[in-house]
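The values are calculated or read from the model by the stated rules, or taken from the named source; none is laboratory data. Computed from a predicted structure; not experimentally measured. So basically every Cβ, Gly included, is an ideal-geometry build from the backbone, and we count neighbours across all protein chains shown. In case anyone asks, the SASA skips ligands and DNA or RNA and just uses the protein heavy atoms, side chains included. Shrake-Rupley method; radii C 1.70, N 1.55, O 1.52, S 1.80 Å.
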Amino acid sequence: MKRGKKTDDGSADGENDAGSASAKKAKKSKEPEAPVLYEDPPDKMTSKDGRSANMKITSWNVDGLRAWVKKNGLDWVREEAPDVLCLQETKCSEKALPAQITSMPEYPHKYWAASNDKEGYSGVAMLCKTEPLKVTYGIGKEEHDKEGRVITAEFPNFYLVTAYVPNASRGLVRLDYRKTWDVDFRAYLSELDIQKPLVLCGDLNVAHQEIDLKNPKGNKKNAGFTPEEREGFSQLLAAGFVDSFRELYPEQANAYTFWTYMMNARSKNVGWRLDYFLLSSSLLPGLCDNKIRNKAMGSDHCPITLHIAV
């Protein structure tokens, strides 16, 4: 599914980069501009209300678990050492999981969800240092759950939900489905939130505002930045959830988590912010930091990490 977005990303970004004929001429006569990169600031480990972070959660769309393991993704995980590791787009059935990850002693509690119908498609995972009270899969609707997109873990003070949200795809062929998903997923989260506050992490497959992608003008009709998808995200926020990165860094531009493999997009920082930690508003006082670990390689997404006092 993401392939469609990558092509769209690439063509839109390419058009924006190329510009008009006159711009091309001007480019020949001057040096190309240096890319504006995002430097992840030092980790903040204290919340607004003065508590120390006691939970560290990392989320990473690995774009194929088996390939990511071969690219030494687990070395980075061991260095980062989160309490919980959430992975999306694993593209791997449980029986095909690499031994390097299934045998990781650091995470004795491991949970996997894969697509029922298509091998090598979608899929999420959650690896925990301490055992959750309860773990469930999906959101209770077969049309969504057969694609292996959601795992929910209940901890004493909160729920943790990891999700790989469906991509609207090239030509927006799945946009109608995505709109249905957005409504059903929001209802699922709101129901959980009544019982306990929650943290949602994962690849939510939308850049919410123009600040969240490099080339907004060229991508308004492309998957991930359509008005419908952006409105779906706005409605999630209106339901009482908070984008923790924007809460902490409201004006921070050039902070992206996804770059197409094409056209050296990552080295030029032509990217999108598609990966998020959303929090129930009642967890906000304990928010310490939301990190974008954009130097970590191994996928077309980079990992993100949440520090929180719960």
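Tabulated results
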quantity	calculated
The stretch 230-272, residues that are over 28 Å from residue 288 (Cα atoms) and crowded, with 19+ Cβ neighbours inside 10 Å	260, 265
Of all residues making up the stretch 26-75, the number that are closer than 30 Å to residue 285 by Cβ and either in contact (Cβ under 8 Å) with a residue 12 or more places away in the chain or under 20 Å from the mean Cα position of the chain (by Cα) (or both)	22
When residues of the stretch 132-178 are limited to those that are touching a residue at least 12 places away in the same chain (Cβ under 8 Å) and of a type in the set (Phe, Trp, Tyr), the one surrounded by the most Cβ atoms within 10 Å (Cβ to Cβ)	164
Residue in the stretch 160-177 that is out of contact with any strand residue (DSSP E or B) (no Cβ under 6 Å at 6 or more places or on another chain), assigned to a helix (DSSP H, G or I) and either of a type in the set (Phe, Trp, Tyr) or within 24 Å of residue 53 (Cα to Cα) (or both) present	yes
Test: residue 85 is without any contact (Cβ under 8 Å) to a residue 60 or more places away in the chain, under 17 Å from the mean Cα position of the chain (by Cα) and either crowded, with 18+ Cβ neighbours inside 10 Å or farther than 19 Å from residue 73 by Cα (or both)	yes
Positions within the stretch 49-63 being surrounded by 13 or more Cβ atoms within 10 Å (Cβ to Cβ) and in a loop (DSSP other than H, G, I, E, B), in sequence order	51, 53, 54, 62, 63
One residue from 110, 118, 91 being open to solvent by 30 Å² or more (accessible area, probe 1.4 Å), assigned to a strand (DSSP E or B) and not acidic (Asp, Glu)	110
Selection from the stretch 180-228 of residues that are surrounded by fewer than 21 Cβ atoms within 10 Å (Cβ to Cβ) and charged (D, E, K, R)	184, 186, 191, 193, 196, 210, 217, 220, 221, 228
